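The values are calculated or read from the model by the stated rules, or taken from the named source; none is laboratory data. This is a predicted model, so every value here is computed, not measured. Cβ coordinates were reconstructed from backbone atoms using ideal geometry, including for glycine residues, and neighbour counts include every protein chain displayed. Calculation scope for accessible area: heavy atoms of the full protein, side chains included, ligands and nucleic acids excluded. Shrake-Rupley method; radii C 1.70, N 1.55, O 1.52, S 1.80 Å.
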Amino acid sequence: MQSSVTLSLSQPAAASTIPKSNYTVNHSLPFSPSKPINLRFCGLRREAFSGFSSLSRSQPPQSKIHSNKINSAISASLSDNGSAPKSFDYDLVIIGAGVGGHGAALHAVEKGLKTAIIEGDVIGGTCVNRGCVPSKALLAVSGRMRELQNEHHMKALGLQVAAAGYDRQGVADHANNLATKIRNNLTNSMKALGVDILTGVGSIMGPHKVRYGKLDSPGDIVTAKDIIIATGSVPFVPKGIEVDGKTVITSDHALKLESVPDWIAIVGSGYIGLEFSDVYTALGSEVTFIEALDQLMPGFDPEIGKLAQRVLINPRKIDYHTGVFATKITPAKNGKPVTIELIDAKTKEPKDTLEVDAALIATGRAPFTDGLGLDSVHVERKRGFVPVDERMRVLDFKGDPVPHLYCIGDANGKMMLAHAASAQGISVIEQITGRDHVLNHLSIPAACFTHPEISMVGLTEPQAREKAEKEGFEVSVAKTSFKANTKALAENEGEGLAKLIYRPDNGEILGVHIFGLHAADLIHEASNAIALGTRIQDIKFAVHAHPTLSEVIDELFKSAKVKAQVSGPVSEPVAV
């Protein structure tokens, strides 16, 4: 399940700038790698599939992977995991074994660093155990259910299908089994490469020092030249909402699918809320959205959001209340339903009271950073997030980087997506091993796995026009429809739109937004183009197989009207 994207645009004067290539050589470091860099900007590295945070720091470890007792001097368990300097137990210690920590650990070993990773709950973090992975299993079921239930769609394909049904426990087992498989694969991939997995809650005890173990025990201390914080996030529950885990739930509970209520209210219409509305309505529930802002799907490009509402909301058993806060939610008790008290978001006057069978709280996520011991290195959190600069270096209360301390993923709040955490972790390893690297967050794609899907990268049209007004350039928009795509029509899935926001003067891609069949898979051509600084006038000559959905993007780039015809990557720096 994707978390909400919190990418904010900084003021031009304060923005850091980087070259489009993302790379500069740091000549001040004692060495420069001679081998080419091989970055895998993905959520789960391929090692996770080779046969292969909603955590509470008070929870006891559930997976005993490595003994808490280790010798003061630790040698590499495998030759390809490097050897630690004599003055440290490890080259690198990572606190948190989610997707971000896993990606950083594997890249660290690839670069020859002696590495340990600390996990107090289970390997895989939120994404694998309570997020991206199990939610995709549920959405796979909802997609098939929708197709089987759509008599008109089936008839158009010449198919006749009897009434479709489902086994709730079987669906839940599918999600749980997938999470277990991926978790085991991640664990095995790290162990096979010699990453030491230390079980316990990790906290910083000072420069280069990390404690790990149970909270009620002295624990053990390890030292490392560099430390990465990758502790993730947990569901955010606003004040006044009582979560009982049965009738008032978060995404953590919903993914277990212990019940399918007849009527469920979903508080929040972002990625998480939209995906669960897709699941619940496919399985027979009626849904009511409660959104604080004046429109549904506020984080999406407005034009895409409007089309998505027409397809994903209006025809389904979904109603909604916008511009309201849920100030109090009481779980069902003694035969009484869940009650939700609504007030006007602007006037704060009482608006309505709803009675439903269940309520899902999908109001975003909060950083999981309590108890990290950041005060020992003079770091003050901001709204729970660990402050970092564009290189993910942790900043102290004066705004200066803390030497050899980094923070990646949801814990720093730059972009709360699993694959963004992994990319940040890989970027940090590049810096540690002597190759300066700054990640361009505007090149990181995001997706909502509804049916059809929504994906995006870069700026929305309002954001692009605001930027253009400040910096003095023109913005153009190109669009193409899935109804003109042969493969989409063959699938009888012609509902969809792709939108390109660009600079007509130099061909720079500012943003791409897609709503339609397999949109989440189609976005990467655009995101890679932004990351590499490829101009539209060059990428429009790329050849796409016919008939494929990728031709939607091909036609999108070809329809753009660029004034300049000069080839080569965009040379202007971008803000991070």
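Points worth noting:
- The requirement of being among the polar types (S, T, N, Q), closer than 22 Å to Lys246 by Cβ and in a loop (DSSP other than H, G, I, E, B) is fulfilled nowhere in the range 261-278; no residue meets it.
- Within the range 332-348, residues that are under 18 Å from Leu360 (Cβ atoms) have Cβ atoms under 6 Å from residues that are open to solvent by 80 Å² or more (accessible area, probe 1.4 Å) in these pairs: Pro337/Glu355; Thr339/Glu355; Glu341/Lys328; Glu341/Thr353; Leu342/Lys351, counting only partners at least 6 apart in sequence or on another chain.
- Which numbered condition Leu293 fails, given (1) over 25 Å from the mean Cα position of the chain (by Cα); (2) within 30 Å of Gly496 (Cβ to Cβ); (3) not in a helix (DSSP H, G or I): (1)
- Criterion: of a type outside the set (Asp, Glu) and closer than 20 Å to Gly232 by Cβ - qualifying residue of Arg393, Arg465, Arg435: Arg393
- Subset of the range 446-459 [in a loop (DSSP other than H, G, I, E, B) and open to solvent by 20 Å² or more (accessible area, probe 1.4 Å)]: Phe449, His451, Pro452
- Looking across the range 356-389 at every residue that is open to solvent by less than 30 Å² (accessible area, probe 1.4 Å) and small (Gly, Ala, Ser), the one that is farthest from Ala254 (Cα to Cα) is identified as Gly373.
- Considering residues of the range 268-285 that are open to solvent by less than 10 Å² (accessible area, probe 1.4 Å) and among the hydrophobic types (A, V, I, L, M, F, W, C) only, the residue nearest to Asn150 (Cα to Cα): Ala282
- Just so you know, in the range 472-507 the residues that are crowded, with 22+ Cβ neighbours inside 10 Å and assigned to a loop (DSSP other than H, G, I, E, B) include one that is nearest to the chain's Cα centre (by Cα), and it is Gly496.
- Count of the range 519-546 residues which are part of a loop (DSSP other than H, G, I, E, B) and surrounded by 20 or more Cβ atoms within 10 Å (Cβ to Cβ): 4
- Listed conditions (1) open to solvent by 10 Å² or more (accessible area, probe 1.4 Å); (2) under 28 Å from Leu148 (Cβ atoms); (3) in a loop (DSSP other than H, G, I, E, B) are all met by Pro298, apart from (2).
- Test for Arg183: is it assigned to a helix (DSSP H, G or I), among the charged types (D, E, K, R) and touching a strand residue (DSSP E or B) at 6+ places or on another chain (Cβ under 8 Å): yes
- Of residues in the range 460-471 being assigned to a helix (DSSP H, G or I) and closer than 23 Å to Ile313 by Cβ, the one least open to solvent (accessible area, probe 1.4 Å): Glu461
- Against the list (1) over 30 Å from Thr327 (Cα atoms); (2) in contact with a Ser or Thr (Cβ under 8 Å, 6 or more places away or on another chain); (3) open to solvent by 10 Å² or more (accessible area, probe 1.4 Å), the condition Met392 fails is (3).
- In the set (1) within 28 Å of His513 (Cβ to Cβ); (2) open to solvent by 30 Å² or more (accessible area, probe 1.4 Å), Ala332 fails one condition alone, (1).
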